[in-house]
Amino acid sequence: MSEALLDMNGLEVRFGSTIAVRDVGLHVLPGEAVGLVGESGSGKSTAMLAVLGLHPPGSAAVTARRLRLAGHDILAVPERTLRDLRGRVAAMIFQDPLTALNPVMPIGSQIAEVLVRHHRLGRSAAMMQASALLETVGIADGAGRLRDYPMAFSGGMRQRVMIAIALAGQPRLLIADEPTTALDVTVQAELVRLIRGLQRERGMGLVWVTHDLALMAGVVDRVVVLYAGRVMESAPVDLLYARPLHPYTVALLESLPRFEAGPPRVRAHATRDVAPAAEGCPFAPRCPHRFARCAQMPPLFEDRGSLAACWLLAR
Amino acid sequence: MNRAPLAELSGIGVRYRKGGDVRHGLIEIDLAVAAGETLAIIGESGCGKSTLGRVLLRLQEPTEGDVRYRGESLLALKPHAMRRRRQAMQMIFQDPLASLNPRMTVGETLGEPLMVHRLARRWRDTVEPVAAAMRRVGLDPATVRRFPHQFSGGQRQRIAIARATMAGAELIVADEPLASLDITIQSQILGLFEDMRAQGGVTFVFISHDLPVVSQTADRVVVMLGGRIVEDGAPRAVFREPAHPYTQALVDAVPVPDPDAARRRQERPAAAVAHGTPARPDLCPFAPRCPHLLPACTHTMPPLRHVAPGRRAACWLHGDWSPP
């Protein structure tokens, strides 16, 4: 088995007295695509920012039993090493390319910047490489668009520019945080195709962070479901949809609107006016199966290839 | 549709001037909304679906054409007569935090329509109806003194819905009311719309880009592209057998929560790819991307015509005419 690109175990992120992420593990191999799924506030983005060491030390307290990125201990290496790992070992693309891109810098320079820093290319070699990267991500006439500013592109095209910047460092792990959420379905489908194609071609590991469980079916090999900062279920994609184990995963799948089904099944437990429990299983207050034991947080139980944190699986 | 139209758009055009260019927001829109129906409008960003919703409520004046409500032309109404009509015509927006006044409590937000439309004479008289409205949308009346930021996104959207219904709305235009909400909250809000429909009396125009949601909630769907209606009909029929290639492209792009089906789809070549035919406002807006491009598509816009009972499409592939 090849070395894991991301080897995370027992991650915890605290903001003051608020615990945003607790005991989250994630393992990504080269060429593997993992979906990190959760509703807003589930801690999915917070966990991924910790992987890149992007939480400012003053604001968040990040601890983990193990947090290794391509063998480097993220919690132990100096900031200088972190800066070198970001972009070259792991790169991230964000939901809103208009905020992530520099609005007053032509896109060519934004791509070239990465090439100069990580691959020590000269300015003109970097620009040539930048135009090739634009064509790789499906922007025709890359050379002609190098001097354009982000505003000159549509939302989908801007996201392609973001992907080109991410690819510039030739990362081994790509972290995509809701990269298609703000886009039209047709554009979303094109980007999924592009990212998945590039990931396979280059053997990159991929972590796709999203709230959209329907989208994950066609994108990843494995899905990790988070709720209130904890892992509820972790399963191969086929098993997750065919045989969800955790009541929360079941609730999520039931609330997905489908073409062929009748009206959506609105269940009382889907109501989120109920706050997650601070102690024990966070889903318990909404769970139709809760019982006394749920006051304690269950460990992840293994059941025929899937893992789920639910006492119903305890034997 | 044999029900009398509640609202009707005929020959609507909206044009903007930007620099020296003329931009087309809406082009030749003919659409009748029947009383009691739920009509969904779908299409990509910039297709004109929100503009259509705004024109329907006369929140925006069209450049040409007429908007009729219960047979009466809205465009001819004086401001004060229009204000009276607004009691029956309401809008719900995508982002409730932006559409609710942050300095007004829920009680003030919900009571205000009653005061404005003189359904209550004193604020004291709004207490009972406000509490009833809060209960209807599943909010605790004890929270009546709270401000919008003290509620979750789903609760805020329920406040916005309650506000829209305070003064007895007949027509509600909801512009992407679910887009900013988590999936489990979406089904909660959909359930609320479902209840409102079941109680009767409300006609919904639901602007969305979520096809599965539309297929479950709407009686009729209108597909828009480039400021035009390219297809309409019953959602199940439209999505099962799209008449317009753009509708087909939309259907093909919807994520399916089924790994096998999703993989099969990804193995097929991409459906619609730009092939360089420039988009022109006088031609089919899908022509630049259409996999079935015919010679006629490059010089004449196909009219929106019936291709089956209750079904219209603007495409030379359909109907029993021969393309010019």
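Across segment A:152-170, what is the total count of residues that are of a type in the set (A, V, I, L, M) and either in contact with a His (Cβ under 8 Å, 6 or more places away or on another chain) or facing chain B (nearest Cβ under 8 Å) (or both)?
1
Just name the residue that is nearest to B:Ile12 (Cα to Cα) out of those in segment B:217-241 that are surrounded by fewer than 21 Cβ atoms within 10 Å (Cβ to Cβ) and either in contact with a Ser or Thr (Cβ under 6 Å, 6 or more places away or on another chain) or within 10 Å of chain A (Cβ to nearest Cβ) (or both).
B:Asp219
Do you know which of the residues in segment B:1-19 that are at pLDDT 80 or above and among the aliphatic types (A, V, I, L, M) is farthest from B:Gly227 (Cα to Cα)?
If we take residues in segment B:1-19 being at pLDDT 80 or above and among the aliphatic types (A, V, I, L, M), then B:Leu6 is farthest from B:Gly227 (Cα to Cα).
Looking only at segment A:276-301, count every residue that is part of a helix (DSSP H, G or I) and touching a His at 6+ places or on another chain (Cβ under 8 Å) and tell me the total.
Number of matching residues: 1.
Out of A:Leu173, A:Leu134, A:Leu191, I need the residue that is among the aliphatic types (A, V, I, L, M), out of contact with any Phe, Trp or Tyr (no Cβ under 9 Å at 6 or more places or on another chain) and within 13 Å of another protein chain (Cβ to nearest Cβ). Which one?
Checking each option against the conditions leaves just A:Leu191.
Mind listing just one residue for me: the one in segment B:181-194 that is touching a residue at least 24 places away in the same chain (Cβ under 8 Å) and under 26 Å from B:Arg86 (Cα atoms) and, of those, nearest to the other protein chains (Cβ to nearest Cβ)?
Within segment B:181-194, the match that is nearest to the other protein chains (Cβ to nearest Cβ) is B:Leu190.
Suppose we filter segment A:110-139 for residues that are among the hydrophobic types (A, V, I, L, M, F, W, C) and under 23 Å from A:Ala182 (Cα atoms); how many remain?
4
Return yes when B:Ala133 is assigned to a helix (DSSP H, G or I) and more than 23 Å from the chain's Cα centre (by Cα) and no when it is not.
Yes: the conditions hold for B:Ala133.
Could you list, in sequence order, the residues of segment B:242-262 that are under 21 Å from B:Ala308 (Cα atoms) and more than 7 Å from chain A (Cβ to nearest Cβ)?
Across segment B:242-262, the qualifying residues are B:Pro242, B:Ala243, B:His244, B:Pro245, B:Tyr246, B:Thr247, B:Gln248, B:Val251.
Can you name every one of the helices (runs of 4 or more DSSP H) wholly within segment B:175-247 that holds 2 or more residues which are within 30 Å of A:Phe283 (Cα to Cα)?
B:183-199, B:211-217
Show the residue pairs that are 6+ apart or on different chains and have beta-carbon atoms under 6 Å apart, the first residue being within segment A:30-57 and away from chain B (no Cβ under 14 Å), the second being assigned to a loop (DSSP other than H, G, I, E, B) and of a type in the set (Ser, Thr, Tyr).
Qualifying pairs under 6 Å: A:Pro30/A:Ser2.
Could you list all residues from segment B:108-127 that are buried (at least 18 other Cβ atoms within 10 Å of the Cβ) and over 28 Å from the mean Cα position of the chain (by Cα)?
Correct list: B:Ala120, B:Thr126.
Residues of segment B:149-174 being within 14 Å of chain A (Cβ to nearest Cβ), without any contact (Cβ under 8 Å) to a residue 60 or more places away in the chain and not in a loop (DSSP other than H, G, I, E, B), which ones?
Residues satisfying the conditions are B:Gln150, B:Gly153, B:Gly154, B:Gln155, B:Arg158.
The values are calculated or read from the model by the stated rules, or taken from the named source; none is laboratory data. If you're wondering where the values come from, they're calculated on a predicted model, not measured in any experiment. Using ideal geometry, Cβ is built from the backbone for each residue, glycine included, and neighbour counts are taken over all protein chains shown.
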